[in-house]
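Worksheet: one structure, shown below.
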Amino acid sequence: MPIVSPRSVAKAVLPLCAALLFAQGPVKPTFDHSVQPLLTKSCLSCHNDRLQSGSVNLTPFVNPATVLGNREDWEKVVQKVRSGEMPPKGLPRPSMDQITAFTAFIESEWERADKNVKPDPGRVTARRLNRIEYTNTIRDLLAVDFRAERDFPTDDSGYGFDNIGDVLTISPILMQKYLEAAETISSRALGADPLPAKPVEFEYHTKTKTVRRLDRSNIEATHR
């Protein structure tokens, strides 16, 4: 049986270990290794509790919780570091690998947090017709001549238009006018309009001038 020397074993094992090491890929950025060292070396010398250049103090940012708690301020830091604006010229600058790891960790934390946040559904505009649209709609649907501009308050306007949904509001007065208009329009549409209380006079000319008076009862008997 051949004797295997330790040197031979090492020569055989070392390439395998190296292959496994490279197969693991690059080390995942962390706050302690990718963010805090860059802040301490390149930022805190000018932006600290005592010397707040540009009214910016990054001392609290050594706390990992600020990545999410102070996201708006962190976005400014990332933008300035990535663009090369900070650190300013004349001061030691981090390497491109350090900047990449720095921004990758912070943005990965934001992405992870965003996945757990319920999306904002936005706001649904409560739309209504303006006075002209209301008048035209009632006329087209019910054949009732209702003049909304005579009873409804003036419509709100924006950018020179009075038919923008986000601008048109419903005030208590307008709601009351809607209710009153509903009674009036439905009454006219069903032929139940109240008749004039005074007699109606019709005057026409023949060989002999005649004036005929029709009282309310005669009108109702003829037109109902």
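Here is how the numbers come out for the structure above:
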| read-out | value |
| --- | --- |
| Where labels lie 7 Å past Cα in the beta-carbon direction, separation of residue 123 and residue 150 in nm | 3.6 nm |
| Of 41/115; 80/115; 28/80, those spanning more than 28 Å from alpha-carbon to alpha-carbon | 41/115 |
| Gain on full stretching of the segment that runs from residue 100 to residue 181 - 0.36 nm per residue minus C-alpha separation | 22.5 nm |
| Signed unit charges on C-beta, dipole axis of segment 31-115, positive-most listed residue 47, 90, 62 | 90 |
| Three-way shape call for segment 31-115 based on the alpha-carbon gyration tensor, with the a/c threshold at 1.5 | oblate |
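Coordinate-derived values only; no laboratory data. Model, not experiment: these values are computed from the prediction. As a convention, Cβ positions derive from the backbone with ideal geometry for all residues, glycine included, and neighbour counts pool all protein chains shown.
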